[in-house]
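Asks: Mind looking over this structure? Questions follow.
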Amino acid sequence: MTSSDLESRIARLEAIEAIKALKARYWYCCDHKDVEGVRDCFLDGPVEIHYDGPVGLVNHRDGLYQIFKDVACQTHIVEMHHGGPPNIEVNGPESANATWGLVYHLMNTEAQTVSIVGGYYEDEYTRVDGQWWISKARFKVCSAVTYGWKDAALRLLYAGASLPALPA
């Protein structure tokens, strides 16, 4: 093994660890309603952020910032993201992509519902000036269940392979 081979392998491992830390920071900021932190995980400029459900497609991190601020940052919305394990592919010194599993818990204390959503992220990452950023994020739902509670009774409201339709 040459020193350049070793340097290349170390650079790849460092990239993978930086991308893991970036995604972990993103989920932590989501759960703690840190809108600045969420926005600052994404590349500044044109990006593609596409999530199944009410977020839909956003083409700049500021669009996600506004949606997150308006929807998720309510005191009655309690979230927890459980993600991993990643499958990260480093394509070069400035480019990588990854697939992540996610189980998302959403409790709405106002509507008295608990939703558990499972799915996968397909992300792309870009390194600028030595720092990794999310440049594309696509979350596709593969399972969803919602429970409601009223009058001390728990009942199933929805179960399926996608999110329930939004009320008209």
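Asks: Of the conditions (1) closer than 29 Å to Met107 by Cβ; (2) touching a helix residue (DSSP H, G or I) at 6+ places or on another chain (Cβ under 9 Å); (3) at pLDDT below 95, Tyr28 satisfies every one except a single condition; which number is it?
Replies: (3)
Asks: If you go through region 48-60, how many residues are loosely packed, with under 15 Cβ neighbours inside 10 Å and either over 19 Å from Trp100 (Cα atoms) or of a type in the set (A, V, I, L, M, F, W, C) (or both)?
Replies: 3
Asks: Sort out which residues of region 21-47 are within 15 Å of Ala98 (Cβ to Cβ) and surrounded by fewer than 17 Cβ atoms within 10 Å (Cβ to Cβ), and write them in order of number.
Replies: Ala21, Ala24, Arg25
Asks: Among the listed residues Val90, Val47, identify the single one that is under 18 Å from Lys140 (Cβ atoms), in contact (Cβ under 8 Å) with a residue 24 or more places away in the chain and over 13 Å from the mean Cα position of the chain (by Cα).
Replies: Val47
Asks: Let me ask something additional. Would you point out the residue of region 50-84, among those that are of a type in the set (Gly, Ala, Ser) and assigned to a helix (DSSP H, G or I), that is nearest to the chain's Cα centre (by Cα)?
Replies: Restricting to residues being of a type in the set (Gly, Ala, Ser) and assigned to a helix (DSSP H, G or I), the top hit is Ala72.
Asks: Return yes when Lys69 is of a type in the set (D, E, K, R) and out of contact with any Cys (no Cβ under 9 Å at 6 or more places or on another chain) and no when it is not.
Replies: Against the criterion (of a type in the set (D, E, K, R) and out of contact with any Cys (no Cβ under 9 Å at 6 or more places or on another chain)), Lys69 qualifies.
Asks: If you don't mind, there's one more thing I want to ask. I need the full set of residues from region 77-110 which are touching a Gly at 6+ places or on another chain (Cβ under 8 Å) and among the aliphatic types (A, V, I, L, M), in order please.
Replies: If the condition is that a residue be touching a Gly at 6+ places or on another chain (Cβ under 8 Å) and among the aliphatic types (A, V, I, L, M), then Leu102, Val103 are the ones that fit.
Yes or no, residue by residue, for (1) exposed (fewer than 14 other Cβ atoms within 10 Å of the Cβ); (2) of a type outside the set (Gly, Ala, Ser); (3) in a loop (DSSP other than H, G, I, E, B):
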residue	(1), (2), (3)
Asn91	yes, yes, no
Ala98	no, no, no
Val103	no, yes, no
Leu106	no, yes, no
Val114	no, yes, no
Val117	no, yes, no
Asp123	no, yes, no
Arg127	no, yes, no
Trp132	no, yes, no
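Asks: Any residue at all in region 39-48 that is touching a strand residue (DSSP E or B) at 6+ places or on another chain (Cβ under 9 Å) and closer than 26 Å to Leu166 by Cα?
Replies: yes
Asks: Let me ask something else about it. Would you check if Tyr65 is hydroxyl-bearing (Ser, Thr, Tyr), surrounded by 14 or more Cβ atoms within 10 Å (Cβ to Cβ) and modelled with pLDDT of 95 or more?
Replies: no
Asks: Condition (residue is within 27 Å of Lys20 (Cβ to Cβ) and either touching a helix residue (DSSP H, G or I) at 6+ places or on another chain (Cβ under 8 Å) or touching a residue at least 40 places away in the same chain (Cβ under 8 Å) (or both)) applied to region 140-151: is it met by at least one residue?
Replies: Yes: one or more hits.
The values are calculated or read from the model by the stated rules, or taken from the named source; none is laboratory data. As the structure is a prediction and not an experimental result, all values here were calculated from the model. A quick note on method: Cβ atoms are made from the backbone with ideal geometry, for glycine too, and the neighbour counts reach across all protein chains shown.
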